[in-house]
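Student: Structure in C-alpha cells, see below.
Every read-out reported here was derived from the displayed coordinates using simple, explicitly stated rules and does not represent laboratory data. It should be emphasised that the depicted structure is a prediction, and the values quoted were computed from it without experimental measurement. Note: ideal-geometry Cβ built from the backbone for every residue, glycine included; neighbour counts use all protein chains shown.
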Amino acid sequence: MPGRTRANGEGSIFPYRNGFAAYVWVTKPDGRRDRKYVYGKTREAVHDKWIKLHQQAKQGPVATNAPTVSTFLTYWLTEIIEPNRAPLTYATYETFVRRYIAPGLGGKRLDRLQSRDVQTWINQVARTCQCCAQGKDAARPKLKRRCCAVGRCCQAVPSTRTVSDIRATLRAALTHAQAEDLITKNPAVPVTLATVR
C-alpha cells in the first residue's frame, strides 16, 4: 500500500460525479476551520484549482460560502453605505445597483466574478439603449409612448461619465468585499473604459 503523499490539512483530490473534486482545509473569516471544495471535468483541472486554493489559504482567511453579487450588494447598501454615507451618496449608489449592476451581474456568485465578466458587462451597458432595457417608454401612458415601446429605439445609451460612475460603484462594493475576505482581488479594477470627455 503506497504511503501518504500529503500532509495533514492539505485536503485531497477524488472522483466526483462526472469529473473530480478536491478540498482544502481553510480558515474562514470568522476564525473557524472548514473544508472548501473545487470541482472540474479532469483531474488536471481540479489539481490547478486545488493549488490556487492552497495559495489562497496560505494568504489568509477564505470564505467557504459565497453570496451572489446581488445579495452582497444589498448587504453593502443597507449595512455599510446607508448608515455611514450622505443620503445622496446612498441614493446614487442604490440607483446604479438597481438599474445597472444587479440586472447584469447580480446572479453571479461573488467569488466567481472575473474581470472579463465585468468588462463584457460594462461594454454591453455602454452600448445598450437604457430606455429599452429599463422599459422607460413602456412605463409611460399608451398615448405618450414614442420610442422603444412602439418599435422606434431612441438610442438612449448612457454617457461615458455615467458608465464610469457605474463601474466606480461596483469597484467600491467589491473593495469592501475584499476587506471582508469574501474575495481575494477586485475584478472591477483592471476594467478598461472609454475616456470621459
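Student: Name the residues in region 29-43 that are surrounded by fewer than 18 Cβ atoms within 10 Å (Cβ to Cβ) and touching a strand residue (DSSP E or B) at 6+ places or on another chain (Cβ under 9 Å), would you? Spell out the reasoning first.
Tutor: Of all residues in region 29-43, those surrounded by fewer than 18 Cβ atoms within 10 Å (Cβ to Cβ) come to 29-35, 37, 39, 41-43.
Answer for region 29-43, where residues must be surrounded by fewer than 18 Cβ atoms within 10 Å (Cβ to Cβ) and touching a strand residue (DSSP E or B) at 6+ places or on another chain (Cβ under 9 Å): Arg33, Asp34, Arg35, Tyr37, Tyr39, Lys41, Thr42, Arg43.
Student: Which residues, counting only those in region 141-163, are surrounded by fewer than 17 Cβ atoms within 10 Å (Cβ to Cβ) and small (Gly, Ala, Ser)?
Tutor: Once the filter is applied, which keeps residues that are surrounded by fewer than 17 Cβ atoms within 10 Å (Cβ to Cβ) and small (Gly, Ala, Ser), region 141-163 yields Gly151, Ala156, Ser159.
Student: Continuing with the same structure: Just the residues that are of a type in the set (Gly, Ala, Ser) and farther than 24 Å from Leu170 by Cα, please, taken from region 14-60.
Tutor: The first filter runs over region 14-60 and keeps only residues of a type in the set (Gly, Ala, Ser), leaving 19, 21-22, 31, 40, 45, 57, 60.
Hits for region 14-60 are Gly19, Ala21, Ala22, Gly31, Gly40, Ala45, Ala57.
Student: Next up: If Cys148 meets every condition in (1) within 30 Å of Gln56 (Cβ to Cβ); (2) over 16 Å from the mean Cα position of the chain (by Cα); (3) without any contact (Cβ under 8 Å) to a residue 24 or more places away in the chain apart from one, which number is that one?
Tutor: So Cys148 meets the others, but not (1).
Student: Quick check: is even one residue across region 61-73 without any contact (Cβ under 8 Å) to a residue 40 or more places away in the chain and either within 14 Å of Leu174 (Cα to Cα) or part of a helix (DSSP H, G or I) (or both)? Walk me through it before giving the result.
Tutor: Pass one, region 61-73, residues without any contact (Cβ under 8 Å) to a residue 40 or more places away in the chain: 64-65, 70-71.
When the remaining residues are screened for being either within 14 Å of Leu174 (Cα to Cα) or part of a helix (DSSP H, G or I) (or both), the result is 70-71.
Yes, the conditions are met somewhere in region 61-73.
Student: What helices (runs of 4 or more DSSP H) lie completely within region 85-158 and have 2 or more residues being out of contact with any helix residue (DSSP H, G or I) (no Cβ under 7 Å at 6 or more places or on another chain) and under 18 Å from Leu170 (Cβ atoms)? Please lay out each step first, then the result.
Tutor: On the way: elements: 87-96, 102-105, 115-127, 130-133.
Because the criterion is at least 2 residues that are out of contact with any helix residue (DSSP H, G or I) (no Cβ under 7 Å at 6 or more places or on another chain) and under 18 Å from Leu170 (Cβ atoms), the helices (runs of 4 or more DSSP H) in region 85-158 that meet it are 87-96, 115-127, 130-133.
Student: A follow-up question, please. Looking only at region 16-50, which residues are out of contact with any Phe, Trp or Tyr (no Cβ under 8 Å at 6 or more places or on another chain) and hydroxyl-bearing (Ser, Thr, Tyr)?
Tutor: Of everything in region 16-50, just one residue is out of contact with any Phe, Trp or Tyr (no Cβ under 8 Å at 6 or more places or on another chain) and hydroxyl-bearing (Ser, Thr, Tyr), namely Thr27.
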